[in-house]
Amino acid sequence: MSAGIDLLLKVGNGVEIAATDAALVVQDLTYTAVAGQGYQGNDIAIEYLDTETAGAETVTVTETLGKKLISVGMESGVSTATQIETAIDASTEALALVSVAVTGTGSNAQTAVAETFLSGGAPLTETFTTVGGLRTKSLSMNSEMIDITNHGSQEWREILDGKGLRSMSSSGGGVFLKGAQLNRLKYAHLENALIRMQLIHAVTGDIFEGKFKVSSMELTGDHNTEASYSASLESAEKVNFKIAKVA
């Protein structure tokens, strides 16, 4: 998919801000998203269902449209925080998403809780400033196919689901303005260094963020016109995508 869009390009200042893991306190237990999920930990939810007997708590994990739900079957008003912690710790699927710790009193009885999301998660990031003077912008998202066609495919091509090399490209150009942001782009290009960027859809507020390589940069200008520049960017790591919240 490739299209010209109303896009803001922002350049990081090079000073990384550590990622924050999403967390949730449910009565006497604190759930924390496993390290590395960043704001994606905000898509994890916990619920307590009054469906089991104390001492025989169960844990199931389901995923729907990116939402990961950890459902704890327990006896409301009887199952203790320690019993629920033990059930979570026995679930490999749950531990792949969260860690759990008693932060209140382990012997306290817990009650049924409706689905509630972890919050506060944020990826490793930097402070960003918009690159000024832009007139043209483009964004291209690519995903290579893995062909698994074989003799049993009945003469139809088959593609491996959920796999493939993904990448993102962006380019922009405009009037050359003095500023630290454009200098960061020039430095990254000359030093063959990666640079953290944000690509923001100006209308929806959706954000793509990750490290990019400045694959090309051109400065041009005639004697009687303004100086201009153009730059092309190629993703160099996983690009995080954050959908803007609708008010």
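The values are calculated or read from the model by the stated rules, or taken from the named source; none is laboratory data. Only a predicted model underlies this, so the values are computations on that prediction, with no experimental measurement involved. Neighbour counts are summed over all protein chains in view; Cβ atoms, including those assigned to glycine, are modelled from backbone coordinates with ideal geometry.
Observations, loosely collected:
- Subset of region 181-207 that is assigned to a helix (DSSP H, G or I) and surrounded by fewer than 13 Cβ atoms within 10 Å (Cβ to Cβ) - its residue that is farthest from the chain's Cα centre (by Cα): LEU190
- Test: residue in region 192-202 that is of a type in the set (S, T, N, Q), farther than 24 Å from GLY121 by Cα and in the same structural domain as LEU7 (by TED's automatic domain parsing): yes
- Just one of the listed residues (LEU49, LEU7, LEU29, LEU97) is modelled with pLDDT under 85 and either crowded, with 16+ Cβ neighbours inside 10 Å or outside the structural domain of ALA180 (by TED's automatic domain parsing) (or both), namely LEU7.
- Options THR127, THR105, THR116; residue that is more than 19 Å from the chain's Cα centre (by Cα), closer than 30 Å to ILE243 by Cα and either surrounded by fewer than 16 Cβ atoms within 10 Å (Cβ to Cβ) or in the same structural domain as ILE195 (by TED's automatic domain parsing) (or both): THR116
- Selection from region 215-236 of residues that are in a loop (DSSP other than H, G, I, E, B), within 15 Å of GLY173 (Cα to Cα) and at pLDDT 80 or above: none
- Across region 120-154, the number of residues qualifying as in contact with a helix residue (DSSP H, G or I) (Cβ under 6 Å, 6 or more places away or on another chain) and hydroxyl-bearing (Ser, Thr, Tyr) comes to 1.
- Note on region 54-82: among residues that are part of a loop (DSSP other than H, G, I, E, B) and under 30 Å from GLY162 (Cα atoms), the one that is farthest from the chain's Cα centre (by Cα) is LEU65.
- Test: GLU85 is modelled with pLDDT of 95 or more and part of a loop (DSSP other than H, G, I, E, B): no
- Scanning region 237-247 for residues that are under 15 Å from ARG166 (Cβ atoms) and assigned to a loop (DSSP other than H, G, I, E, B) turns up GLU237, LYS238, VAL239.
- Check on GLY210, surrounded by 18 or more Cβ atoms within 10 Å (Cβ to Cβ) and modelled with pLDDT of 85 or more: yes
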